[in-house]
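Undergrad: Attaching a single structure in structure tokens format; questions to follow.
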Amino acid sequence: MTASLQQALLTRIAQQRPARLLWLGQISADAQAWLAKALPECQLTLSETLPEAQRFDLCVIDGPLETLPRKEGQALIGQVRNLFSSQLLIALRPNVQQWQETDLYAQAVQLDERLVEDEQPAWLASFNLLAYKPAPDWLNARFWANPEMFDKFRW
């Protein structure tokens, strides 16, 4: 990972300040040292594959999507999103496995930044369950139940 994508990724991690961070893929020694200094309270779990099921505040995928076939990469994103964390950051070089933006959108992942590294495109994408679909105003008990009218009217 070159400096621009790495810097964007580390900046986003520092903004979110996770207590427990899962990093899937390769991480440079410099990035690991920077995380330890910037987030001393953060428990960092480094892994090349998915660990045993446990929840993390934030998961980062950097690298595995370039080595897996696209279908398996989409399955990995889905597994991490559904089982490991409600927040996800993805560093992706789309030309390696011919990723399209729609492949990310299909997993409810939004493309945040488009960067260029070594004359190749690089993307920083994210998923945040809390910001994914806010509850609409009409979805509350006030509009769904009217106990005062239960004996008076039949719908």
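The values are calculated or read from the model by the stated rules, or taken from the named source; none is laboratory data. Please read these numbers as outputs of a predicted model, since none were measured by experiment. Here the Cβ is made from the backbone with ideal geometry for all residues, glycine too, and neighbour counts use every protein chain on show.
Undergrad: Among (1) in a loop (DSSP other than H, G, I, E, B); (2) at pLDDT 90 or above; (3) in contact with a Ser or Thr (Cβ under 9 Å, 6 or more places away or on another chain), where does LEU89 come up short?
TA: (1)
Undergrad: So the check is Cβ under 8 Å with 6+ separation or different chains; which pairs have a first residue in the stretch 109-125 that's within 18 Å of VAL80 (Cα to Cα) and a second one that's polar (S, T, N, Q)?
TA: VAL109/SER126; GLN110/SER126; ALA125/GLN110
Undergrad: Moving to a separate point now. Among what's in the stretch 110-129 and is loosely packed, with under 13 Cβ neighbours inside 10 Å and more than 22 Å from LEU58 (Cβ to Cβ), pick the residue that is nearest to the chain's Cα centre (by Cα). So that I can check it myself, show each step before the final result.
TA: The initial filter retains those residues of the stretch 110-129 that are loosely packed, with under 13 Cβ neighbours inside 10 Å, namely 114, 116, 118-120.
Remaining after also requiring more than 22 Å from LEU58 (Cβ to Cβ): 116, 118-120.
Working: VAL116: 21, ASP118: 25, GLU119: 25, GLN120: 22 Å.
Per the stated criteria, the residue is VAL116.
Undergrad: Go through the stretch 33-80 and give me each residue that's polar (S, T, N, Q), closer than 23 Å to VAL96 by Cβ and exposed (fewer than 14 other Cβ atoms within 10 Å of the Cβ).
TA: So in the stretch 33-80, the residues polar (S, T, N, Q) come out as 43, 45, 47, 49, 54, 67, 74, 79.
Checking which are closer than 23 Å to VAL96 by Cβ leaves us with 47, 49, 67, 74, 79.
Those that are polar (S, T, N, Q), closer than 23 Å to VAL96 by Cβ and exposed (fewer than 14 other Cβ atoms within 10 Å of the Cβ): SER47, THR49, THR67, GLN79.
Undergrad: For GLU41, all conditions in the list (1) closer than 25 Å to LEU104 by Cα; (2) in a loop (DSSP other than H, G, I, E, B); (3) not small (Gly, Ala, Ser) hold save one; what is the number of the exception?
TA: Failed condition: (1).
Conditions (1) farther than 22 Å from GLN74 by Cβ; (2) among the β-branched types (Val, Ile, Thr); (3) part of a loop (DSSP other than H, G, I, E, B), marked per residue:
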position	(1), (2), (3)
TRP99	no, no, yes
ASP103	no, no, no
GLN107	no, no, yes
PRO121	no, no, no
SER126	no, no, no
LEU139	yes, no, yes
